[in-house]
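Scroll down for the structure; my scribbles are underneath it.
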Amino acid sequence: MSYQNSKNIYDEAIKFIPGGVNSPVRAFKSVNREAPIFVKKAKGSKLWDEDGNKYIDYICSWGPMILGHNFERVIAGVRDEIENGSSYGLPTKLEVELAKLITKSCPSIEKVRLTTSGTEATMSAVRLARAYTMRNKILKFEGCYHGHSDALLVKSGSGLLTDGYQDSNGITAGVLQDTLTVPFGNREKIQEILEKEDVACLIMEPVPANMGVITPDVEFLKFVREICTKTKTVLIFDEVISGFRLSLGGAQEYFGITPDMTTLGKIIGGGYPVGAFGGKKKIMDLVAPIGRVYHAGTLSGNPISVRAGLETIGYLYENRETIYKTLEEKTKYITTELEKIAMEYNVPVCINRLGSLYTIFFTDRKEVNNLEDALSSNTENFAIYFNEMLDNGIVIPPSQFEAHFISLALTEEDIEKTLKVARKAFEKISKK
Ligand SMILES: Cc1ncc(COP(=O)(O)O)c(C=O)c1O
C-alpha cells in the first residue's frame, strides 16, 4: 500500500496546523507512523484515503457513525435540509423534535439544551451543577475524558493519555484545585471525598471508554448513585459515547441507574457537530433565559446537525428491538475470536467489551478495571497490531487507550477479513 499522497498532505499540514491535525489522536504519533492517513470519503463500513486505499473502519468518527457512513436516510435528510438554509440564529421546529425524541428515549432527561460539541455539554453541565448546589468542587475519575474545558482536563483520558500525560498546561491553579479525582471503582475514596468536601457534582462516563473500555460493575454504579443522593451531589452521566450506543437510553437504561443530569454528543448529531446536556426540570430551569446559568451558541441546534441527528435517532428508535442486539452479537463474536487467536499465539491480552464497544489491552493482567490497569499495557505490541491492521486495510483507533466502535454497516465479510489480519498481527507480535 502506498501512503504517498497522505504523506505529502501531512508535510503541508504541519506547516499550517499544529502537529498537522485538528485533534491530537489523529496524528498517529503513538503508533510510530510517519504520517496519518488523510481520508477522502467513506461509505457504509469503509473509508478511502487520499491514495485510494480502502479500509474497514473501527473508529466510526469516534462513535457517531453507528449506522455506518453516509447512511441513506441520514444523507437524504441532510440534503433536504440544506435546501432550506444553513443556520438562522433563530429557533427551528427541528430542535423541538430532537428534544422530544431525546427525552422520550432517555426518561431521566426531562429537559435538554443542545450545544455544538460534547465539550460544551459537559462544561455547561458542570456549571449548572455548581449553580444548583452552590458548591465549587467537582469530582471525576482518573482516565475519564469529558472534553477539553479547563475544569475537566485533570487526570484525563483519550488523546492526553495517548500522548503520555494526563493534565494540560495553561489551566490556573485555582481551577485545578477545584477538580478532585479518584481511581475508577474506588468506593472508599469517593465516600471520603463526598462526605468531607462540598462537592457540586460527580461527573463520570458510566462506561469509561477513554482509557480503553472499562466494563463497570453495576453494584459500583448503584453505590455511586446512593452516595450522591446521600450527600446531595449532582450525579452527571457523561453519555457522549454511551448515549444511544449501548441502548436508546444509553448506559443508564442498560444498567438501570438514573443520574440527575446527562450529557450527550456524537450519535445525536449523526456525524454533524452537536452535543446536549439535560436532566431534571428543577435543575435545567436554572439555565438562561429562565435562570442565570449562562449557556449560548451561534450554531447550537444547527438545523443540518439536528436533522442528521433526528434521522439517526429516528432510525435507531424505530429499529430498537433488533439493532442493539445485532451490534452486541457482532462485537461478542469479534472479541471472542480475537481472544482465541491471541491465546493461540501466546500473546497476553485482556479484551473488555460492552455493547458495541471494545478494547484489546495488550497486558498480562487478567482484568482491566481502572487507569492503573490500563497503563500496564504494552503499547509497543499495540503499535505492531495497529500497523499490521492498517497496512492490510483495517483502520482501528491509533491508540491503546481508546475504544473500537462497531457500526451496523460492518459485514460478515469485513469481520472475517479483520480476524484474518489480526491473526497475522498476533503472529508478528509473538515472533518479536
Ligand atoms: C465521554 C466524552 N465526553 C465528552 C467528549 C467531548 O466531546 P467533543 O469531542 O464532541 O467535544 C468526548 C469526546 O470524545 C467523550 O468521549
If you take the residues in segment 313-354 that are of a type in the set (S, T, N, Q) and farther than 23 Å from Tyr385 by Cα, which one is surrounded by the fewest Cβ atoms within 10 Å (Cβ to Cβ)?
Thr322
Selection status of Leu152, of a type in the set (A, V, I, L, M, F, W, C) and within 11 Å of the ligand (Cβ to nearest atom):
yes
Name the one entry in Thr312, Thr326, Thr363, Thr335 that is in contact (Cβ under 8 Å) with a residue 12 or more places away in the chain and in contact with a Lys or Arg (Cβ under 6 Å, 6 or more places away or on another chain).
Thr335
Mind checking which residues of segment 253-298 are in a helix (DSSP H, G or I) and not aromatic (Phe, Trp, Tyr)?
Glu253, Lys266, Ile267, Ile268, Gly269, Lys281, Lys282, Ile283, Met284
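For segment 172-184, does any single residue satisfy the condition of being touching a Pro at 6+ places or on another chain (Cβ under 9 Å), surrounded by fewer than 19 Cβ atoms within 10 Å (Cβ to Cβ) and not assigned by TED's automatic domain parsing to the domain that holds Asn22?
No, segment 172-184 contains no residue that is touching a Pro at 6+ places or on another chain (Cβ under 9 Å), surrounded by fewer than 19 Cβ atoms within 10 Å (Cβ to Cβ) and not assigned by TED's automatic domain parsing to the domain that holds Asn22.
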Taking the condition in a loop (DSSP other than H, G, I, E, B) and hydrophobic (A, V, I, L, M, F, W, C), does Ala42 pass?
no
Mind checking which pairs have a first residue in segment 10-25 that is closer than 21 Å to Glu402 by Cα and a second that is of a type in the set (Val, Ile, Thr) and within 16 Å of the ligand (Cβ to nearest atom), Cβ under 6 Å, 6 or more apart or different chains?
Val25/Thr162
Inside segment 116-145, the number of residues satisfying the requirement of being touching a Phe, Trp or Tyr at 6+ places or on another chain (Cβ under 7 Å) and assigned to a strand (DSSP E or B) is 1
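This table checks each residue for (1) farther than 30 Å from Lys431 by Cβ; (2) free of Cβ contacts under 8 Å to residues at least 40 places away in the same chain.
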residue: Asp285; (1), (2): yes, no
residue: Pro303; (1), (2): yes, no
residue: Thr322; (1), (2): yes, yes
residue: Met343; (1), (2): no, yes
Test: residue in segment 407-419 that is modelled with pLDDT of 95 or more, closer than 29 Å to Phe244 by Cβ and touching a Cys at 6+ places or on another chain (Cβ under 8 Å)
yes
Checked Ser108, Ser156 against criteria (buried (at least 22 other Cβ atoms within 10 Å of the Cβ) and either part of a loop (DSSP other than H, G, I, E, B) or at pLDDT below 95 (or both)); the one match is Ser156
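The values are calculated or read from the model by the stated rules, or taken from the named source; none is laboratory data. This is a predicted model, so every value here is computed, not measured. Cβ: placed from backbone, ideal geometry, glycine included. Neighbour counts: every protein chain shown.
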